[in-house]
Amino acid sequence: MDTSAHDVLLVGGGGAGLRAAIAISEFNPKLSVAVVSKVYPMRSHTVSAEGGAAGVIKPNDTLDEHCYDTISGGDWMCDQDAVELFVREAPKELLRLEHWGCPWSREPDGHVAVRPFGGMKNERTWFAADKTGFHMLHTLFQTSLKYPSVRRYDEWFVTKLLIDDGQVRGVVAIELMTGRIQAILAKSVIICTGGCGKVFPFTTNANIKNGDGMSLALRAGAPLKDMEFVQYHPTGLPFTGILITEAARAEGGWLLNKDGYRYLQDYNLGKPEPTPVLRSMELGPRDRLSQAFVKEYEKGRTIETPYGHVVHLDVRHLGEKKINAKIPFVRELCLKYQGIDPVREMIPVRPVVHYMMGGVSTDINAATPIKGLFAAGEAACVSINGANRLGSNSLTELLVFGARAGLHAAQFASEQKEGNTAAILAQAIDEKRRVEDQFLNKTAGRESISTIREEMQKAMEEGAGIYRTHDSLAKAAETIGKLQERFKDIAISDHSHTFNTELTAAFELSYMLDVAEAIIACALNRKESRGSHQRTDFTKRDDEKFLAHSLVYRNADGSTRVEYLPVTITRWPPAERVYGK
């Protein structure tokens, strides 16, 4: 079996992965770094983030205020020591990116421009027009190229983490161009594969966001944390799910129901003001805005379309000059994908799944409970996002915890000796045989990949959507269990070795089913409503019983179990979330 070896291996080549690779090379340029990504790095989903990255820089803002906004926005599910570290490091990382060439938008006097964002009471979101993720990823990618010790495995698909004696030792991966299965050994591994929005039918996420790293870690024995907290973004295009960035509301856009009424004033999110009020209305947190949409739908105040009910996002009053200067990509997306010009027409929008607050459980150093295994970005849960992430915190999180994961993975790798290569390769050979027998060489099978995927997505939307009940979750759990069994009988008709997309779709479906099972298990056990997790049968937040992180594990028999870990409280005791007052 073909093998290669490196000191540190990264699964995922997006913002968190590239920032980690740079941090490793800065720590010790002699360490060999492997970046294994199923897509070319510049096709990573980081590129589609639009609105901005949060970090305190203006004199009227403070680190404590950023901490409090994040913690209250997360409904007190955030680990406050992690939030304090994140907020403290955020401006340093954003300035570092500036020095590497990121073209942040500027004020007329040359200072970095910031804009308001939902749930934040001060303007602290740095931006590069409305293509922030695109420019950040370009900057990180170009910076990574100057380190000769970084080797990229572009378009390689990881199928297994190799674990020996409780310690990670590398991965098994398929080279998509040739179908070659190879063991890539390493002294430490960082998972930075992004989220899993494709578990749901309507999402802002790209097709590559299937929870790969979450499932790989779960199968290897690491717990996933807080998987019940799934964020819906209130403004996605109804047919495609493409994101209309929060920046459109930050610049002054209004959300209107079918009567042309700014309905958010009815949901304790403030009243219309002649000047922007940062804490209210359209700049409320995403969970509250998505829940308000459902209430408007129930009152018959939404607009029916062939692709579901919508409300309108109105930016016409901003004027063509401001739209072209501040949110040009919004106009481009509307023209290309909706056939409307937001300068003259209102934008139809609906809530769509956007972000996973949960992920692979890590400590403040990005380390998982498995020795040598680290995680960063949306694939990880440290937890700074709690029950609801504030917009523009995620791009900064990629930088802060990507750098931290890289540093600690490099330190760990520097202290390790070679493992039991024979035992590790035996595992890899077993995995190669499994891939060939269960997928590549499989000739029998009656189940369709697309049918199982569609049934999974429907079950998740109906059972674990914006509002949940015990009955809806139990029904979804039953469906997902049956789909797990049916997956064993999937049919694969393509047995070629060159870019076999049916093979990768099968692996991705298996990862998504694992993640779906974890989401439902955590949601069933959390008998309260908090942030993005809303139970209509348990409508109140219950700090006495559930001020704790859910940890979901995979048992030896394939079933799951949920345990709890107390939330870390440092300086901000739980209080009521208040907006618009």
field: Rounded tilt (10° steps) of 421-435 against the dominant C-alpha axis of the chain
entry: 70 degrees
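Compute the relative contact order of the stretch 452-581 as a whole-number percentage, counting only Cα pairs closer than 8 Å that sit 6 or more residues apart in sequence. Spell out each step's value before the answer.
On the way: 127 pairs, mean separation 27.7, N = 130.
Rounded, it is 21 percent for the stretch 452-581.
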message: I want to verify the translational diffusion coefficient of the stretch 375-487 in µm²/s; compute it with Stokes-Einstein, Rh as the Kirkwood radius over Cα pairs, at 25 °C and 0.890 mPa s.
response: 130 µm²/s
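Can you compute the charge dipole magnitude of the chain about its Cα centre, using +1 on each Lys and Arg Cβ and -1 on each Asp and Glu Cβ, nothing else charged? Give it in debye, rounded to the nearest 20.
Numbers: 70 positive and 73 negative charges, 115 e Å.
Dipole size: approximately 560 debye.
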- prompt: In whole angstrom, and with the biggest value first, how far do the Cα coordinates of the stretch 180-266 range along each principal axis?
  reply: 59, 29, 24
message: Angle check, please: helix 470-487 long axis (alpha carbons) against the longest principal axis of the chain (alpha carbons), in degrees 0 to 90, nearest 10.
response: 30 degrees
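If we sort 167-178, 297-308 on the protection proxy, mean other Cβ atoms within 10 Å, highest first, what's the order? The partial results should precede the final answer.
On the way: 167-178: 21.9, 297-308: 13.7.
Highest mean packing first, the order is 167-178, 297-308.
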- request: Could you name the aspartates and glutamates whose alpha carbon sits less than 13 Å from that of residue 482, not counting residues in the same chain fewer than 8 places away?
  value: 447, 455, 514, 517
message: Taking all protein chains in place and a 1.4 Å probe, what share, in percent, of the accessible surface of the stretch 436-573 do carbon and sulfur account for?
response: 50 percent
message: Counting just the Cα atoms, what span does the chain cover along each of its three principal axes? Round to the nearest Å and put the largest first.
response: 70, 52, 50
field: Accessible surface of the stretch 94-236, 1.4 Å probe, proportion on carbon and sulfur as whole %
entry: 50 percent
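May I ask for the net charge around residue 239, where only other residues with Cβ less than 15 Å from the Cβ of residue 239 are counted and Lys, Arg are +1 while Asp, Glu are -1?
On the way: positive: 336, 350; negative: 304.
So the surrounding residues net to +1.
Evaluate the relative contact order of the chain (contact order divided by residue number), counting alpha-carbon pairs under 8 angstrom at least 6 apart; express in whole percent.
Values: 1357 pairs, mean separation 130.3, N = 581.
So the answer I get is 22 percent.
Per the Cauchy relation, a quarter of the hull surface: what is the mean projected area of the convex hull of the alpha carbons in the stretch 98-190, in nm²? Before the final figure, lay out each step's value.
Values: hull surface 40.4 nm².
Averaged projected area of the stretch 98-190's Cα convex hull equals 10.1 nm².
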query: When the accessible area of the stretch 275-384 is split by element with a 1.4 Å probe, what percent falls to carbon and sulfur?
result: 51 percent
message: Can you order the peptides 514-526, 252-264, 561-573, 53-65 by their average number of other Cβ atoms within 10 Å per residue, highest first?
response: 514-526, 252-264, 53-65, 561-573
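Over all alpha-carbon pairs in the stretch 39-198, figure out the percentage whose distance exceeds 20 Å.
Working: 8067 of 12720 pairs.
Beyond 20 Å sits 63 percent of the P(r) for the stretch 39-198.
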query: Of 209/299; 209/488; 198/321, which pairs sit farther than 25 Å apart, going by alpha carbon to alpha carbon?
result: 209/299; 198/321
message: At a 10 angstrom cut-off on C-beta neighbours, averaged per residue, how do the peptides 236-243, 420-427 rank from highest to lowest?
response: 236-243, 420-427
- line: For the stretch 450-581, the Cα convex hull volume per residue in Å³ comes to 172 Å³
Share of Cα-Cα pairs in the stretch 1-131 lying beyond 22 Å, as whole percent: 50 percent
- prompt: Is it possible to state the helix-based mean residue ellipticity at 222 nm for the chain, with each DSSP H run of 4+ residues giving -39500 (n - 2.57), the sum divided by total residues, to the nearest 500 deg cm²/dmol? What is it?
  reply: -10500 deg cm²/dmol
query: Per residue, how many Å² of accessible area does the chain show with a 1.4 Å probe?
result: 37 Å²
message: From the protein chains alone at 1.4 Å, what is the descending order of accessible area for 498, 443, largest first?
response: 443, 498
- prompt: Helix 286-298 versus the longest principal axis of the chain: what angle, 0 to 90°, nearest 10, using Cα atoms?
  reply: 70 degrees
- prompt: If you average 1/r over all unlike Cα pairs in the stretch 327-380 and invert the result, what Kirkwood radius do you get in angstrom?
  reply: 14.5 Å
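The values are calculated or read from the model by the stated rules, or taken from the named source; none is laboratory data. Just so we're clear, the structure is a prediction, and the values are computed from it rather than from any experiment. Please note: Cβ atoms are built from the backbone with ideal geometry, for glycine as well, and neighbour counts cover all protein chains shown. What goes into the accessible areas is simple: the full protein's heavy atoms, side chains included, and nothing from ligands, DNA or RNA. Shrake-Rupley method; radii C 1.70, N 1.55, O 1.52, S 1.80 Å.
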